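*Asks:* A single structure is presented below for examination.
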Amino acid sequence: MQVVKVDPRHTSQTCSFCHFQHRSNRRSQSLFKCRECSYTLNADLNASYNIREKYLSSLASLGTSFAGGSTSTGLSFHPGTG
């Protein structure tokens, strides 16, 4: 198993549906409601979706797809070496 560090900043304030970020999107400890699109769900679940997207974006920037294949950049990601 590999552990990857993901910057958690603003993940609880950003809408995982439309990506609008605002402090008051997180209405309470448990409720997230986007001021822009009204998307509503559990605040921790919303933040976890944003953390997942940051992780997947980091894979793409390294030239690795989610399935582990290499993209056309010629770069590859090798677990345990980076």
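*Asks:* Would you say Ala60 is open to solvent by 60 Å² or more (accessible area, probe 1.4 Å), modelled with pLDDT under 95 and not in a loop (DSSP other than H, G, I, E, B)?
*Replies:* yes
*Asks:* Separate question: Please work out which residue is least open to solvent (accessible area, probe 1.4 Å), limiting yourself to the stretch 1-33 and to residues that are farther than 20 Å from Ser57 by Cβ and part of a loop (DSSP other than H, G, I, E, B).
*Replies:* Checking each candidate, the answer is Ser28.
*Asks:* Another question, if that's okay. What are the pairs with Cβ atoms under 7 angstrom where one residue, in the stretch 34-52, is buried (at least 16 other Cβ atoms within 10 Å of the Cβ) and the other, located anywhere, is modelled with pLDDT of 95 or more and in a helix (DSSP H, G or I)? Sequence gap at least six, or different chains.
*Replies:* Listed pairs, sorted by first residue: Cys34/Asn25.
The values are calculated or read from the model by the stated rules, or taken from the named source; none is laboratory data. As the structure is a computational prediction, the values presented were derived from the model and not from experiment. Every residue, glycine among them, receives a Cβ derived from its backbone with ideal geometry; neighbour counts consider all protein chains shown. Surface accessibility is based on the protein's heavy atoms, side chains included, excluding ligands, DNA and RNA. Shrake-Rupley method; radii C 1.70, N 1.55, O 1.52, S 1.80 Å.
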